[in-house]
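Structure below; questions to follow.
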10 protein chains.
Amino acid sequence: MLFHVKMTVNIPSTVKVEVADELKKKEREFSQKLQKEGKWKHIWRIAGHYANYSIFDVKDNEELHELLMQLPLFPYMEIEVNALCKHPSSIV
Amino acid sequence: MLFHVKMTVNIPSTVKVEVADELKKKEREFSQKLQKEGKWKHIWRIAGHYANYSIFDVKDNEELHELLMQLPLFPYMEIEVNALCKHPSSIV
Amino acid sequence: MLFHVKMTVNIPSTVKVEVADELKKKEREFSQKLQKEGKWKHIWRIAGHYANYSIFDVKDNEELHELLMQLPLFPYMEIEVNALCKHPSSIV
Amino acid sequence: MLFHVKMTVNIPSTVKVEVADELKKKEREFSQKLQKEGKWKHIWRIAGHYANYSIFDVKDNEELHELLMQLPLFPYMEIEVNALCKHPSSIV
Amino acid sequence: MLFHVKMTVNIPSTVKVEVADELKKKEREFSQKLQKEGKWKHIWRIAGHYANYSIFDVKDNEELHELLMQLPLFPYMEIEVNALCKHPSSIV
Amino acid sequence: MLFHVKMTVNIPSTVKVEVADELKKKEREFSQKLQKEGKWKHIWRIAGHYANYSIFDVKDNEELHELLMQLPLFPYMEIEVNALCKHPSSIV
Amino acid sequence: MLFHVKMTVNIPSTVKVEVADELKKKEREFSQKLQKEGKWKHIWRIAGHYANYSIFDVKDNEELHELLMQLPLFPYMEIEVNALCKHPSSIV
Amino acid sequence: MLFHVKMTVNIPSTVKVEVADELKKKEREFSQKLQKEGKWKHIWRIAGHYANYSIFDVKDNEELHELLMQLPLFPYMEIEVNALCKHPSSIV
Amino acid sequence: MLFHVKMTVNIPSTVKVEVADELKKKEREFSQKLQKEGKWKHIWRIAGHYANYSIFDVKDNEELHELLMQLPLFPYMEIEVNALCKHPSSIV
Amino acid sequence: MLFHVKMTVNIPSTVKVEVADELKKKEREFSQKLQKEGKWKHIWRIAGHYANYSIFDVKDNEELHELLMQLPLFPYMEIEVNALCKHPSSIV
């Protein structure tokens, strides 16, 4: 089941650079693990923004929520979620 | 070059049903033609809405604009465009 | 799988009263059919508004979308969808 | 008398982790006490958000306000309240 | 039980003047009947706007909704509802 | 001359509890003084919010502004002001 | 007593040109009459918009409302009203 | 050349009272100097707000910008600028 | 003197195609005339939208307003105006 | 390929003046380097704001993103990006 997720990252300046760097490193590793498992199907950078559009392929709402809550940068993210379904014009 | 496009369709009730049906049919054909050419890479229905999230793969801004302007339903669409680039965490 | 849906109805004055009444009657029948099947778990009127908050229990995103698209008043509704999951504090 | 309440939690990073954890623990206990008393009829997590949709069943506006003001996380919550009534299509 | 209601009237130009005048006359009569019954406690015009702030004193949410739905101008109103309670600083 | 005022209080967590308590105590005293003088005609708590709707009865715009600027919590308030006049349907 | 008023005019295309022209002529005459009486102290066109910023000098809220309601273009205006007072830095 | 400027002041609580007082004193002096030179034609307090509506009469956009950037409270202001021109109904 | 103008065109479906085409033709001619005179310095299409960003170079606010009001499509445009000045980092 | 970028700078008061000055100096140098290379085609100050409208001429979305991410003031900027194309009325 697919979900469209927009994540906008906003790390406050009170977070130390090393802490932020460690969080970003963990974020990347976690993201790549989920991509390899096929759960995080797509991730694109939005040009000019510290933000991404992502497509998740999960079993249900619960799994989506659990994955998002585990994102190391979750406390500093604004997140928008939209449930997707097959488009009648899609050739896939 | 990738672009993220959100299209929300709103056909006013003053448009006759047959005209709307013909427009939707042409829209589907045009969309599928572009999908087959690899220019309209993804299209997903947003659950509960007469709207879609799409990913276009085009040569440049001009080509994106020309494609969108040719959409049969363009006059009845609200469109949002965001330029995309490869995400540093992407494994693709 | 649960979804929270807000529906706001806005029938334009160009729709004849009899047509609107027929649509509302069909809407009620369809809603009650889904409630009896357990797919439309809750529906509450929002005081002072021609609008409701509803909880749907469906198999997946596709089923939610198909049900909403079949609502007789769908063309005159503004809809907001949010995926739900069990709350960690819930005693249910 | 039913009310629909959306609560969005935003604990600022200046609150220490232990303090936040203690507040969350108390919040859960208070929520479960009210659920058992039948005053907090439903609580659902909104997927991807540190937020919930809740249904309260209270005697009047005063009781709703008093309950919400006692929430241990109230100072860090953005709250939206809507009065509900029975929907004419409801089979309950 | 008190509710704060903002009503903004917007009669479309497609409604004939005589029809609008008749609706306004009925609206005034209905409003004054409720004021005399003590259910519509206050009504003030907002300077420069075809809008009012009102205070209703009703038994419960259901009664508020029923009264508002009976307003002759309801189909042409945008309505905002807020539940009120006694303010701790109030001397009344 | 009547004015409708919405006050939303937001005391930042950097203000010490004792300071906040002292401000709230002074706010209540000032509010009650103005209520007794008939200048602050009504004050209602908005259910679920640290906010109120108030009606002021003052000589002119200047007096309204001076009163609001003297509110001990003014620096932590978001304020909305609307000039009121007698509603043509009012029976008062 | 001064009020700041922003008026944005939006005459729908369903209003015939002659009717609109007649309304605009009456609007101008009414505006100039009030300017000569000193009640409409200032009126400026906002560059690029069919809109104006105006300053009214009236006895009270009632007079402001009555003047605005008499504007021939009132039914096609979006209006914003703000009560003004002398600024402490003003040298006037 | 006239410009309409709305200034909303928001001095954060981290600025010491003496610093804020000194800034306000300098702001007043600067404002009065410009008023005397005829460049800051009008300034009105918006009732209930730490904000003003002002009219500037300057040579060009550059001069407007330079004046606004010199405001001692500029770093704590939210500013809105609108270019004005003579209104066709103005009798001035 | 430079101004940044965003124009969004929205021709309602009630305008006949021939009328719209004639307006667009006149719009183009008027735009090109002003471009040749150096008053409409830049015009860019915003990809995916029937809208443009433009830079005008005019004598003053009055001239800007007069030019915009003469646009054949002005009645169907939403316009945003911002006064520009030389940027301190500009090498021009 | 052209992009329209609006940058609004908001340096928090927690950043020391010397640090901010150094960042601004580097920002100017970087901006002028890109202007000389022809990649940052235009930059205009928006009158009354610490903000600019800019036009970038880049190879693709990736290059735009890389340039913006290198802006020394990027962490303190709110950025809006719009893809541009040649306008059919443009004489250039």
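The values are calculated or read from the model by the stated rules, or taken from the named source; none is laboratory data. Model, not experiment: these values are computed from the prediction. A quick note on method: Cβ atoms are made from the backbone with ideal geometry, for glycine too, and the neighbour counts reach across all protein chains shown. Surface accessibility is based on the protein's heavy atoms, side chains included, excluding ligands, DNA and RNA. Shrake-Rupley method; radii C 1.70, N 1.55, O 1.52, S 1.80 Å.
Which members of segment H:19-55 meet the condition of being among the polar types (S, T, N, Q) and touching a residue at least 12 places away in the same chain (Cβ under 8 Å)?
H:31, H:52, H:54
I'm told residue A:70 meets every condition in (1) open to solvent by less than 20 Å² (accessible area, probe 1.4 Å); (2) over 30 Å from residue J:19 (Cα atoms) except one. Can you identify the failing condition by its number?
Going through (1) open to solvent by less than 20 Å² (accessible area, probe 1.4 Å); (2) over 30 Å from residue J:19 (Cα atoms) one by one, residue A:70 breaks only (1).
Hey, can you tell me all the residues within segment I:36-49 that are open to solvent by less than 20 Å² (accessible area, probe 1.4 Å) and closer than 11 Å to residue I:5 by Cβ?
Matches in segment I:36-49: I:40, I:43.
Within segment J:56-79, take every residue that is touching a residue at least 60 places away in the same chain (Cβ under 8 Å) and facing another protein chain (nearest Cβ under 8 Å) and give me the one that is farthest from the chain's Cα centre (by Cα).
Among those that are touching a residue at least 60 places away in the same chain (Cβ under 8 Å) and facing another protein chain (nearest Cβ under 8 Å), it is J:64.
Going by what's in this entry, would residue B:33 be described as open to solvent by 40 Å² or more (accessible area, probe 1.4 Å), more than 10 Å from chain A (Cβ to nearest Cβ) and among the basic types (Lys, Arg)?
In short, no.
Next question, about the same structure. Which condition number does residue A:50 fail, the rest of (1) touching a Ser or Thr at 6+ places or on another chain (Cβ under 9 Å); (2) hydroxyl-bearing (Ser, Thr, Tyr); (3) within 7 Å of another protein chain (Cβ to nearest Cβ) being met?
(3)
Shifting gears a bit: Could we say that residue H:79 is touching a Ser or Thr at 6+ places or on another chain (Cβ under 9 Å), open to solvent by less than 20 Å² (accessible area, probe 1.4 Å) and not charged (D, E, K, R) here?
yes
If you don't mind, there's one more thing I want to ask. Restricting to segment G:1-18, what's the tally of residues that are in contact (Cβ under 8 Å) with a residue 12 or more places away in the chain and open to solvent by 50 Å² or more (accessible area, probe 1.4 Å)?
Final tally of qualifying residues: 2.
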